[in-house]
1. If each residue of separation counts as 0.36 nm, what is the full-extension length gain between Ala219 and Thr125 once their alpha-carbon separation is subtracted?
2. For the pair Thr255/Ala92, report the inter-label distance in nm, with labels modelled 7 Å from Cα in the Cβ direction.
3. Shape verdict for segment 211-274, please, from the Cα gyration tensor: rounded (a/c under 1.5), prolate (a/b greater than b/c) or oblate.
4. Cα gyration tensor of segment 72-221, axes a ≥ b ≥ c as square roots of the eigenvalues: rounded (a/c below 1.5), prolate (a/b > b/c) or oblate?
5. What is the distance, in nm, between label points placed 7 Å from the Cα along the Cα-to-Cβ direction at Ala271 and at Ala114?
6. For Asp179 and Lys197, compute 0.36 nm times the residue count separating them, minus their Cα-Cα distance, and round to one decimal in nm.
7. How would you rank Cys184, Cys113, going from fewest to most other Cβ atoms within 10 Å of each one's own Cβ?
8. List every residue whose amide H lies under 5 Å from the amide H of Ala132, counting only residues 5 or more places away in sequence or on a different chain, with H placed 1.01 Å from N in the peptide plane.
Amino acid sequence: MVRVRSIAVERDRRASLLRNAWLLWGVTALAFLWGAACGGGKEEPAVTSTPTASPQAATPTPSPTPEPNKFDTSKASALAHSSLPKPADLGAGWTVVSQDDFTQESPPSSAACAPSATAQKAFATALETNPAGRANVEMARSMTDSVLPASGSFQIYIYSDAKAAAAPLAAYRTLYEGDAFLKCFEEMTATAGATVKVTKGTPSVAAPAGGVAVAYEVAISAGSITMAMRLETYAWPSSNALAGVTLSGGKDVITPALVTTAITKMQAAMAAAR
């Protein structure tokens, strides 16, 4: 009887350890990802004139007229805050835990994190270059019907024009689509008594507007107990704005249905704000 009880106590201890490790990983993930994402699009090649057989110089083709901004920069802050979804949009159990926290989390200065640190700095610099307005909100879902908690982060940055809004995309893609990020994250979330393994997954949906979609499978184990988690982050452009959504939690919560709802609600809020 004592042996059975000691096994149960040890199992509960390890389960608690894994939940704490996941909480640490989730918080670190949202902070390191800026809580969500940014967006951007590919730049079209410059239009050049085509030489002809005529001795006269060819007339240059006029450059396309830039798309008018859909987000009024004079109201950027108000529009950014109106572009964020509400907890109820994600379903029952979601609550706001922070808003407008733009703290940049720095990775450890280690060999494993050096490549990610460089890419993170490049992304942060591009992201914070003269935004006209910005807003973010982080939400959490209780563990009432799930072994693990879930978190969601929603971000939007409004810039002077679409070109400025697109600038951070390349840095974001480099940061999160490479393997250096995985190795650094494993080191950042190492917990005594638990093993963390991060691998690439398949995003539930495609990112809107040709943006970036990245998914990670996370396994945290202690002894014979393993908890499987998932993190998905999306970034996309919308005229002169960058939008991002990051969701993390147990695989029973971070489902294609939730991801689709989160992105759709964010897009709807942005459309209504414009």
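Values quoted throughout were computed directly from the atomic coordinates according to the rules given, and no laboratory measurement underlies them. Values in this document were obtained by computation on a predicted structure and should not be read as measured data. Counting neighbours? That spans all protein chains shown, and the Cβs are built from the backbone with ideal geometry, glycine included.
1. Residue separation times 0.36 nm, minus the Cα-Cα distance, leaves 30.7 nm.
2. Label at Thr255, label at Ala92, 1.4 nm between them.
3. prolate
4. Judged from the Cα gyration tensor, segment 72-221 comes out oblate (a/c at least 1.5, b/c at or above a/b).
5. Placing both labels 7 Å beyond Cα along the Cβ direction yields 4.8 nm.
6. Answer, rounded to one decimal: 5.2 nm.
7. Lowest count first: Cys113, Cys184.
8. Ile158, Tyr159, Ser160
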